[in-house]
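Worksheet for the structure shown next.
The values are calculated or read from the model by the stated rules, or taken from the named source; none is laboratory data. Computed from a predicted model, the values in this text were never measured in an experiment. All Cβ positions, glycine included, derive from the backbone under ideal geometry; neighbour counts span all protein chains shown. Side chains are part of the model used for accessible areas, which takes the heavy atoms of the whole protein and leaves out ligands, DNA and RNA. Shrake-Rupley method; radii C 1.70, N 1.55, O 1.52, S 1.80 Å.
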Amino acid sequence: MTSPAALRVPRTQYDRFTTPMARPNAPTLRTFEVAALRADGTRSIAAFKAPALPLFESAFSAFARGVVLSAPNGGIAVEDLQPGDWLNTSTGEPAQVMWIGSSVIEVAPPTPIRLLHICLSRHAAIDVGGIPAETFHPGMHALRQVTHAQRDLFLSMFPHIAHATDFGPLAHPRAPEPDTVA
């Protein structure tokens, strides 16, 4: 019979973060992949372990593989996008892809699905098969709902962003967030 102490020993370097006995109320960790265009024009590719909290999940889950986006030179599948590419926006002016985030989620029936999201040089709606869809912007108050460490980790996933205000203004109005309602 296995001793209770042996059950608590991490088997990998990440198990200590995901084993319920080690961190009883901690959110599940996911691996998030990022491809981004740095300020100097070079590309950055990195993988991060982060909590599966709404802030992180929303940044990495908008478009499934195979979705075709409208680009100045025709349609392009979301999984073929590279930082530096250009996409058509709902205003009629193209915007440059600055960031692409990806994560794998499990769905029912059990099959992993890779989801992607993108940030442009400015927040906008893009044409997705004739339907406008918003590019990623966390919102004006989203970072208030996580710890300082989680905020710092989140911002580190966006190499082209130094501060939350660098996401720029929202292009489309949103319903008030719970902490801003009078």
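Table for the structure above
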| read-out | value |
| --- | --- |
| Percent carbon-and-sulfur accessible area, the stretch 99-182, ignoring ligands, DNA and RNA, probe 1.4 Å | 62 |
| Dipole-positive endmost among 130, 154, 69 within the stretch 65-177 (Cβ charges, Cα centre) | 154 |
| Phi-based couplings in Hz for the stretch 98-106 (Karplus 6.51, -1.76, 1.60; Gly and Pro marked x) | 9, 8, 10, x, 9, 8, 10, 10, 9 |
| Radius 12 Å from Cβ of residue 120, net charge of other residues (Lys, Arg +1; Asp, Glu -1) | -2 |
| For peptides 67-75, 50-58, sequence by mean Cβ density within 10 Å, most packed first | 50-58, 67-75 |
| Net +/- balance of residues flanking residue 98 in space, Cβ distance below 12 Å, scoring K and R +1, D and E -1 | +1 |
| More than 17 angstrom apart: percent of Cα pairs within the stretch 81-182 | 61 |
| Summed side-chain charge close to residue 36 - residues other than residue 36 whose Cβ falls under 13 Å, Lys, Arg +1, Asp, Glu -1 | -2 |
